[in-house]
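Here is the structure we will look at.
Values in this text are rule-based calculations from the coordinates and carry no lab data. This is a predicted model, so every value here is computed, not measured. Cβ placement follows ideal geometry from the backbone for every residue including glycine, while neighbour counts extend to all protein chains displayed.
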Amino acid sequence: MKKTFLPALLFVSMCFALIACSNGEYSANPGGNGNGSVNPLKPLTASEFNWAGVGKFSVKINGSLVSSDSAYWMLDTSGANRVFAWMKDGKYFHLYLKDTYTGNLYNMGFKQYLTACHYQAKTDTSATVFDAYQSVLGNSGGIYINRNDSAVMEARFYCQTINARNEVVNLSEGYFKIDKF
């Protein structure tokens, strides 16, 4: 029995491996929003952050482009750059960017707390219930700082954000260019 069990086990495991193979394409869940995320095993390089933005702050949320009605920059007491953006439909963004310098690429994926994106969206018709999504829970994310001087902060970013119920919102082609005060 031992002689037939081990080859059978090997055959079954090889079949599962072949079925799971996706020719290198990232497909965590073909029907979910996470499928639109950048493969965490092959993040974007600095030269791939080449998309154009709209206004002060814009981003694609699960493939749909939105731009902010208002966006602001702030330097907090720890020296972190904070970017805030609000949309009329109740969407809100907050980027926390500590120790980020021009011409550098930073990870905004899983458990990266020095560079993080927080996204909130209204979940009902009242303005009281929001659903919060965090890049520090997602598998992929990156931000490239185009400019960070005394007058302007400009960057391009993407990230996979996840809420407490493990629901994914994919943020792609993110862009902001905000005057500092």
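What is segment 33-179's relative contact order, in percent, from Cα pairs under 8 angstrom and six or more apart in sequence?
27
Quick one: Karplus J couplings for segment 50-66, per residue in order, coefficients 6.51, -1.76, 1.60, θ = phi - 60°, nearest Hz, x for Gly and Pro?
Listing the rounded values in order: 10, 7, 8, x, 10, x, 6, 8, 8, 6, 8, 9, 6, x, 9, 6, 10 Hz.
Could you calculate the FRET efficiency of Asn166 with Leu114 from 1/(1 + (r/R0)^6), where r is the beta carbon distance between them and R0 is 22 Å, rounded to 0.05?
Computed FRET efficiency for Asn166 and Leu114: 0.40.
Extending each Cα 7 Å along its Cβ direction at Leu65 and Asp131, get the distance between those two points in nm, one decimal.
2.5
³J(HN,Hα) across segment 94-104 via Karplus (A = 6.51, B = -1.76, C = 1.60, θ = phi - 60°), whole Hz, x for Gly/Pro?
Residue by residue, segment 94-104 yields 9, 10, 10, 10, 9, 6, 10, 10, 3, x, 10 Hz.
How would you rank Thr45, Thr77, Thr102, going from fewest to most other Cβ atoms within 10 Å of each one's own Cβ?
Arranged by neighbour count, lowest to highest, Thr45, Thr77, Thr102 become Thr77, Thr45, Thr102.
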